[in-house]
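Working notes, beginning with the structure itself.
The values are calculated or read from the model by the stated rules, or taken from the named source; none is laboratory data. Note that the structure is predicted; figures quoted are calculated from it, not measured. Counting neighbours? That spans all protein chains shown, and the Cβs are built from the backbone with ideal geometry, glycine included. What goes into the accessible areas is simple: the full protein's heavy atoms, side chains included, and nothing from ligands, DNA or RNA. Shrake-Rupley method; radii C 1.70, N 1.55, O 1.52, S 1.80 Å.
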Amino acid sequence: MKQEAQEHQQSDKFTVTIFPQSSWTEQTLVKVNKPFPIAIKIRNISLEPIWIVGVLDGSEVGVRFPRYIPKIEGPGYQQLIPEWPEMTAPIRASDFIELQPGESFDPTQPASGRAYLPLIAFRDFTPTTTGTYRISLTLSTDSANEKGWLGSLPNFDKAPVSSYIYKVPHITVISNLLTFTVL
Amino acid sequence: MYTIDPTTAPVSGLNMTGNGLNYSVDQVARMQNILMRKATYEPENVEYDKSAPERATYPSTAQNSFRSSNVGKETTAENQKRNVSGRYRGKSPGSNIELELRIDVDGLRPTRRVSGDFYQTVGGTITYVGSFIVTTPTLTVITPTHTSEQERVIIDGEGIFTFTTGSPRLWITIPRVDGFMPPASAVAQFMTTAGVPGAQYTCAFESSFFRRVEFEMDFVKSVQPFKSYKTGVLPSGGPDRTLTVAAAFAEAGIDMPDPDGTNEVPFDGAGIDSKWTNRELHTAMENHFSRYHNEPGWRVWLLAATLHENGPGLRGIMFDRDQRQGCAVFHDVIGGSTDQIVRAQLRTYVHELGHCFNLYHSHHKEYMQPPQPNRLDALSWMHYPDYYRSGGLTGAAAYWAAFPFQFDDLELIHLRHAFRNDIIMGGNPFGLGAADLDPLLFADPIEDLSGLRLSIKAAESYYFGEPIVVELKLELTDIRGKRVNTRIHPNYGYVQIAIKRSNGKIQIYQPLLQQCAEPEVEYMDVNMPAAYDSAYIGYGKKGFYFDDPGAYELRAVYHAMDGSKVFSNTLRLRVDAPINEQEREIANLFLGEDQGKLLYLLGSDGETLQKGNDAFEEMIQGKHKSHPMAIYAKLVKGMNASRPFKKIETDLKSKLVSVRPADYMLSKDLLSGACGQTIAADPTADSMAEVGLDNITLNMAMQRLAEVQKEQGDVAGAQSTCQDMVNYFSKPHIPSFVQDRISSQAAPILGVDYTSGTESKPKRSKKK
């Protein structure tokens, strides 16, 4: 297992790192039809606090911001795509997290009122064929247009979150590339 | 305010989901008693908030694993007694209130709840009154000790009501009958908490289902709609059975028969890109849903379509969030014939229809009002399989392996027992609880045999501060003719108008001065098929009703002589925010309390209203005198000047009454200005002019102007005004009987004998 740094799209704000969820070493074998969940860590590498949001419904298929788009390539592997949401939950002030310099968080772990969801493609990843797999994650917050963030469920007051949306750095970051061989 | 309490006599949860078997009432009662004896037993912590869908919340202690399908069975194997659960209906003696009673204490997945809806029949209309639910009734099966006695089921509990009630306790008695006997009636006795009897309803058994919904499905050409799925084909958490959409809802207690036939919707309904937008779907619904109606009703439409514009992965959508009567599924995404695909089709169809019953996703429950905890472990039609999480199991595979093809327990309670407006299509909007509106006054009639139709009309938009005047029209729909009270101005109280602001707040317009007048009864028939009036409703007892820019919705109700309530269309209008300093200044000249009263009264010399008169004078003479809003100031002051004004000199001991005589000269100038500006503004309008007086007010003002001119001795001027009036109202869209009435108003001044025959009618000149 190795991580290819050259394909990262870097940012001076934060990094996105993906890694096997369990304790794996390069000597650990990855086997066909054995679940191999992937974890995510986002770290503030700037000298200032930054605001960020974890995975919300619609994030994984890119219908709303923040977009968390996983990419899994393997021989003949068909990546899991979650059900396309017909309506998306409103983003709330509590969904925004402030990361201090050096601080990191898992964007799929709900806590403290944050309604984060798993990335289905990562959580349920089970290689189906042998061969080399390459996995990455693109995180995009690159929209200052509120509409792309707010969600579509009714009865929602956007006023409390508008200011937060503008606090999030509007950028696109690609994670490390996780490459490994499935036996 | 509505004050009927249907539970008062006229002056004359147990988590009983169990194992999903078809329970007898004996079993349910025994389980209830066991639980009550348990030292650790805590009363079921059910909170039922009337303002939200799926409102019941309680700790889920038992998984509702479905093991048998006994839909439609009304008897139990245990003792061959007929189940008592189902829908009952009946009236209280001497009352016009009907109760639909839902008893849910045995049978398939009993929730051990009782609920009901009240309806009032007045004249030719049936109107919804309110709902209730008993969440934790005590269930007792009385075994006879004597042969002359009959075995019976007693259900006793205190209800939660949508209205204030003096008799919240409900005592229901249902005789138990053998399976081969006809179902027995239920007697529902309401009583006070102290046990004093209130109203009693004897309700005949109607159905073993709790609700009935008309289901219609159409499909786009090339789409092969879902028909059925055999649940045992793939591993699942439930028994093997064949499910159609109707069967899935039947298991929840909803009678929603599969549509007899489906219609093909032309593919071009999706536009040239072949992708459906919500607007296109709504148009398709309006065109193809035979039961489509812009009112609450137990009906739902599903379109099996191709693809939605929102994305290539969207399986289905409830596109009609306001009314919840339409949804669509997309076969470019869910189409196919493998077992997995057909299974997904079934889930998608039921899931989207579930939204129409005001059900949220299992992972969106926290966004309802009020919120509930999300239920990520729900094995429900309403869950997204990907988000399923229970114990260490997650995802779609785990969901499908355990899914018993059903709604979860709380959704089941909502489907069977939610307050009517929280579930009925066209009731509360998706996710919203009850509105701040008197439930009876503006509830939609279930049935309308009044033979009358009420419409309300106004301009689409208004300046901020502009007087809001609505035109009311009451017309006959029963061609046989009938006697009708034609006092339709809200001042008389026979018509009431609800005003809904964009923030959802609803107010009932209350006139500043309620006029107590006997009905003015006229015989309506083909010769006089409608009555008209216009009303200024900008100001009333509660002050200004349109004092914020934004969108407003208005609806009126007419109280007919036979007690029927005739509801109008919903009128939408907009008050525009001022866009410049001039409009802000003009708004300030109109939005004072004095001005509101002067507009309501059509003028006054009252000293306490001097500020208002000064503002209108400023409007007429000042820098804004050429603005269209000056018309209203001229009307108010012109009408006031046309009549004498009596004033009591309170500073004198004798309290002499002084009279200010009519000022015909001033009145003529002002009224001719107001009328002339209106006519000039839009002489060819087919509808209400965007600026200026409405037709009815204009008609009144022109009549007064002609009278003033006549009083002044200006007969030629009066005749000219009358001729202008006849000409103006001779537009093709104005009904001939209205034109005739205007001609008859003009006739005395024009010097023609209108009553002697049509030949002597005032002629409509071609002059503008």
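A compact table of results
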| item | result |
| --- | --- |
| Globularity index of the stretch B:212-418, i.e. its alpha-carbon radius of gyration over 2.2 N^0.38 Å | 0.98 |
| Residue (of A:55, A:85, A:183) at the positive-pole extreme of chain A, dipole from beta-carbon charges | A:183 |
| The stretch A:2-182 - charge dipole about Cα centre, Lys and Arg +1 at Cβ, Asp and Glu -1, debye rounded to 20 | 200 |
| Residue A:13 - accessible surface, heavy atoms, 1.4 Å probe, Å² rounded to 10 | 80 |
| Protein accessible area in the stretch B:561-608, 1.4 Å probe - carbon and sulfur % | 49 |
| Å² of accessible area per residue within the stretch B:450-577, as computed with a 1.4 Å probe and no ligands counted | 42 |
| Only Lys, Arg (+1) and Asp, Glu (-1) charged, at Cβ; the stretch B:450-577 dipole about Cα centre in debye | 400 |
| Proximal lysine pairs, the stretch B:450-577, alpha carbons under 26 Å, eight or more residues apart or interchain | 22 |
| Interface area, B with A, accessible, probe 1.4 Å, both sides summed, Å² nearest 100 | 2300 |
| Residue-averaged beta-carbon neighbours from other chains (10 angstrom radius) around B:304-315 | 3 |
| Solvent-accessible surface (1.4 angstrom probe) belonging to residue B:327, in square angstrom, nearest 10 | 0 |
| Largest to smallest accessible area among A:149, B:298, B:171 [probe 1.4 Å] | B:171, B:298, A:149 |
| Estimated translational D of chain A in µm²/s (Stokes, Kirkwood radius over Cα pairs; 10 °C; 1.306 mPa s) | 93 |
| Accessible surface, 1.4 Å probe, highest first, among residues B:585, B:151, B:711, B:352 | B:711, B:585, B:151, B:352 |
| Among B:544, B:490, B:507 - extreme Cα towards positive end, dipole of the stretch B:450-577, charges at beta-carbon | B:507 |
| Long-range amide H partners of residue A:84 with built H, under 5 Å | B:315 |
| Buried on assembly, the stretch A:123-146 (at least 30 Å² less accessible surface than by itself, 1.4 Å probe) | A:123 |
| Exposure rank, largest accessible area first [A:166, A:133; 1.4 Å] | A:166, A:133 |
| Residue B:461 accessible area, 1.4 Å probe, all protein chains in place, Å² to nearest 10 | 20 |
